[in-house]
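Report on the structure given below.
The values are calculated or read from the model by the stated rules, or taken from the named source; none is laboratory data. Quantities reported herein were computed from a predicted structural model and do not represent experimental measurements. Heads up, the Cβs are rebuilt from the backbone with ideal geometry, glycines too, and the neighbour counts pull from every protein chain shown. Just the protein is used for accessible areas: all its heavy atoms, side chains included, with ligands, DNA and RNA removed. Shrake-Rupley method; radii C 1.70, N 1.55, O 1.52, S 1.80 Å.
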Amino acid sequence: MKIRIGTRGSQLALWQANETARQLRDAGCEPEIVIIRTTGDKRHDVSLAAIGGKGLFIKELEEALERGAIDVAVHSLKDVPSIIPDAFVLAGFLERADPRDAWVHPDRKRIEEMPEGSVIGTSAPRRRAQLLQRFPKLRIEDIRGNVDTRIQKARDGRYAGIVLASAGLTRLGRANEITSYFSVDEMLPAAGQGIVAIECLATNAPARDAAGRINHAPSEESALAERGVLQRFGMRLDCYSSIAVHASRGETGTAPLLIRAFLSKGARAIRARGTSVDAVFSDLVAQGAEELL
């Protein structure tokens, strides 16, 4: 079975596409990688949120699916909007990598050592909110570009340090750049962080079958739970929303599923935890989540 894999052209996106291709090949498919340059990749002069958020990385790949240019699209799941059009389906999830966020400092200084007013670079509203909660003396500013570009900006002194997903650094062979990790309790990850998702047309049965062959069920369970919390808010979330959700069965994978969520606006932040999507959503609402949104 021939499967055309659509992907962005960044180093990380290509790693994800090549890993998907490897697994599909092992599952008896004949993969081909098709690179599609998206608007989000072309515009580094303004903040991502200002030009439509991470959905920009997805939209043009979905258009390629619709016109039949590709069979599947491969995404970082954290970039995929919580609600996608009915024409598409997330048909497979690769095994999750380390979901934690990482602190990168050129001289390997801890973030706790940063003097007041130090400029920290991150592109995620939920990271900004959680960093300011823990380190109110720091300045958090937006940063764009691929992993190499962001690290170089820190080395050039434009930022005192930066916060990135550890999964991306590890996948690109840059784990040696990590100064320290934030625990999940210290910095709740984005929904889907560390998971590669395979999207296709809902009507494309062969593509759905191929993605299903390499689906990692535990990662799928976490992905659906995390996205399920986001989906309860319908269309009220946007690219400016400071929300994070993480679901896990612990290090052994045998404990009951624990879902944790964080939501903030301005100086106010709420956290919730539970063993079901409904329980976590209800807890957030009881604490005023809908008013925050």
Exercise. Along the Cα-to-C-beta direction of Glu66, a point sits 7 Å from the Cα; which residues of the stretch 183-220 have their amide N less than 17 Å from that point?
Worked result: 199-204
Exercise. Among Leu257, Gln11, Ser219, whose Cα sits farthest toward the positive end of the charge dipole of the chain (+1 at Cβ of Lys/Arg, -1 at Cβ of Asp/Glu, about the Cα centre)?
Worked result: Gln11
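Assigning unit charges at the beta carbon (Lys, Arg +1; Asp, Glu -1) and nothing else, what dipole magnitude in debye, to the nearest 20, does the stretch 199-259 show about its Cα centre? Don't skip to the end; give the middle numbers.
On the way: 6 positive and 7 negative charges, 28 e Å.
Roughly 140 debye, rounded to the nearest 20.
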Exercise. Magnitude of the Cβ-charge dipole of the stretch 158-220, K/R +1 and D/E -1, about the Cα centre, nearest 20 debye?
Worked result: 240 debye
Problem set entry | Ile3, Ile84, reordered so the largest accessible area comes first (probe 1.4 Å) | Ile84, Ile3
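Rounded, prolate or oblate, given the Cα gyration tensor of the stretch 141-292, with a/c below 1.5 counting as rounded? Please list the in-between numbers first.
Values: a/c = 1.64, a/b = 1.13, b/c = 1.45.
Oblate.
Sorting check: for 127-138, 240-251, which peptide has the highest mean count of neighbouring beta carbons within 10 Å, and how do the rest follow?
Values: 127-138: 17.4, 240-251: 19.4.
Packing order, densest peptide first, comes out as 240-251, 127-138.
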Exercise. Per residue, what volume in Å³ does the convex hull of the Cα atoms of the stretch 216-293 enclose?
Worked result: 90 Å³
Exercise. Could you give the length gained on full extension between Lys59 and Asp278, defined as 0.36 nm per residue of separation minus the Cα-Cα distance, in nm?
Worked result: 75.9 nm
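Taking all protein chains in place and a 1.4 Å probe, what share, in percent, of the accessible surface of the chain do carbon and sulfur account for?
48 percent
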Seminar exercise, completed: Out of Pro99, Ala64, Pro115 - ranked by how far each Cα lies towards the positive end of the dipole of the stretch 58-126, with unit charges on the beta-carbon of charged residues - the top one is Pro115
Exercise. Residues with amide H under 5 Å of Arg8's amide H, sequence separation 5 or more or different chain, H placed in the peptide plane at 1.01 Å from N; which?
Worked result: Ile36
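Is the stretch 85-198 best put as rounded, prolate or oblate by its Cα gyration tensor, with a ≥ b ≥ c the root eigenvalues, rounded for a/c under 1.5, and otherwise prolate when a/b is larger than b/c, oblate when not?
Details: a/c = 1.98, a/b = 1.68, b/c = 1.18.
Since a/c reaches 1.5 and a/b is larger than b/c, the shape of the stretch 85-198 is classed as prolate.
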Exercise. If you stretched the chain out fully between Arg22 and Glu116, how much longer would it get, using 0.36 nm times the residue separation minus the C-alpha to C-alpha distance?
Worked result: 29.2 nm
Seminar exercise, completed: Here FRET efficiency (C-beta to C-beta, Tyr181 to Asp209, R₀ 45 Å, nearest 0.05) is 0.75
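How much accessible area per residue does the stretch 149-293 have, in Å², with a 1.4 Å probe?
Averaged over the residues of the stretch 149-293, the accessible area is 44 Å².
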Seminar exercise, completed: Cross-link reach from Lys59 to lysines, straight Cα distance under 20 Å and at least 8 residues apart if same chain, gives Lys42, Lys78
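For every other residue with a beta carbon closer than 9 angstrom to the beta carbon of Gly117, add +1 if it is Lys or Arg and -1 if Asp or Glu, then tell me the sum. Walk me through the numbers on the way to the answer.
Working: positive: Lys137, Arg139; negative: Glu116.
That sum, taken over residues with Cβ under 9 Å, equals +1.
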Exercise. Angle, helix 217-231 long axis vs. longest principal axis of the chain, Cα atoms, 0 to 90°, nearest 10?
Worked result: 60 degrees
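Placing unit charges on C-beta atoms (Lys and Arg positive, Asp and Glu negative, everything else neutral), compute the dipole magnitude of the chain about its Cα centre in debye, rounded to 20. Mind dumping the intermediate values first?
Details: 41 positive and 38 negative charges, 136 e Å.
Taking the Cα centre of the chain as origin, the dipole is about 660 debye.
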Problem set entry | Net length gained if the chain between Thr254 and Lys109 were fully extended (0.36 nm per residue, minus Cα distance) | 48.6 nm
